[in-house]
Each structure stands twice: as C-alpha cells, then as structure tokens.
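> Structure in structure tokens, see below.
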Amino acid sequence: MTGLTTVTAQLMMAQQVLSPTARAHHVPIVSVDSDGLVDELVLTVMKHGVNAFLPFESQAGNDIVHYRRLYPRLGILGGPDKSALAKGRREIHAELNKAERMLAEGGYVVGFDHLIPPDVPWANFAYAVEHLRKMVRI
C-alpha cells in the first residue's frame with residue numbers, strides 16, 4: 001500500500017478504537033487534523049466516526065463553503081486563507097466573509113487555515129482579530 005491507501009488504512013485502524021471509545025465516554029467531537037487537500041480523506045474518516053476536521057488549508061485547494069454543502073453535519077475548524085493577512089484589508093475581508101457565512105450556518109469554529117506566517121504585519125493581524133471578535137461577539 002502507498003500514499004492515501006496507507007494513510008487511510010492506518011487512520012481507520014486508529015479510528016476503530018478511538019471513535020467507539022469517545023462515544024462510550026460521551027465525547028461528542030472526534031476530529032482529525034490534516035494538511036493539504038482533503039477531498040479524498042473527509043468522507044472516509046466520517047464513515048469511521050470522525051465528525052470534525054481542521055484546518056482546511058485554502059492554499060491546498062480546500063474550500064470550506066464547498067465542504068459545508070457536501071457535508072452539512074461535519075464540524076469545520078479554520079478555512080480562511082492565512083496568506084490574506086499579509087496582503088491587505090480587502091483580502092482579509094474576503095476571507096472573513098467566508099467565515100461569517102459559515103458561522104451563520106453553524107458547526108463552524110473560526111480560525112485561519114494554519115499557523116500565521118511571519119510575513120504578516122502586526123497591524124493586519126490585529127485588524128483581522130478585531131473583526132473576528134465582532135463576528136463572534138466577544
């Protein structure tokens with residue numbers, strides 16, 4: 001086995017233990033963290049009890065709005081493109097607008113799609129955080 005087949009087989013072995021154990025202990029969320037494009041992985045892990053996924057990297061081609069349409073019950077964490085933070089307010093707002101739509105639908109935790117890169121100016125980051133705080137009302 002190679003590539004996705006190997007990863008899927010190993011992950012499914014772990015999920016066959018993890019998901020039933022989580023349910024037995026009343027843990028409502030079983031999540032997977034994966035980098036890269038996750039098209040082939042999401043449905044597979046959902047079949048084995050995973051109900052949340054993160055970080056949905058935009059630069060890898062993931063689109064959280066698309067995944068919401070495909071999997072309305074999947075918990076989604078992240079998704080807005082972190083690289084927008086290095087660009088400017090217009091790009092930041094385009095990404096925050098995605099997050100705002102997702103929040104309105106539920107089953108979503110706001111966050112950028114991975115670690116914030118070092119080229120992001122502090123003013124841009126603070127601006128984005130302030131707008132995120134308004135969206136979630138804190």
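> Looking at segment 40-133, which trypsin sites (Lys or Arg not before Pro) are in a loop (DSSP not H, G, I, E or B) and have at most 16 other Cβ atoms within 10 Å?
Counting only loop positions with at most 16 other Cβ atoms within 10 Å, the trypsin sites (Lys or Arg not before Pro) in segment 40-133 are Lys47, Arg73, Lys87.
> Taking amide hydrogens as modeled 1.01 Å from N in the peptide plane, which residues meet the under 5 Å criterion relative to Val32, leaving out close sequence neighbours?
Under 5 Å from the amide H of Val32: Ala52, Phe53, Leu54.
Computed from the coordinates by the stated procedures, all read-outs in this text should not be read as laboratory data. All figures in this text were calculated on a predicted structure; none of them were measured in a lab. All Cβ positions, glycine included, derive from the backbone under ideal geometry; neighbour counts span all protein chains shown.
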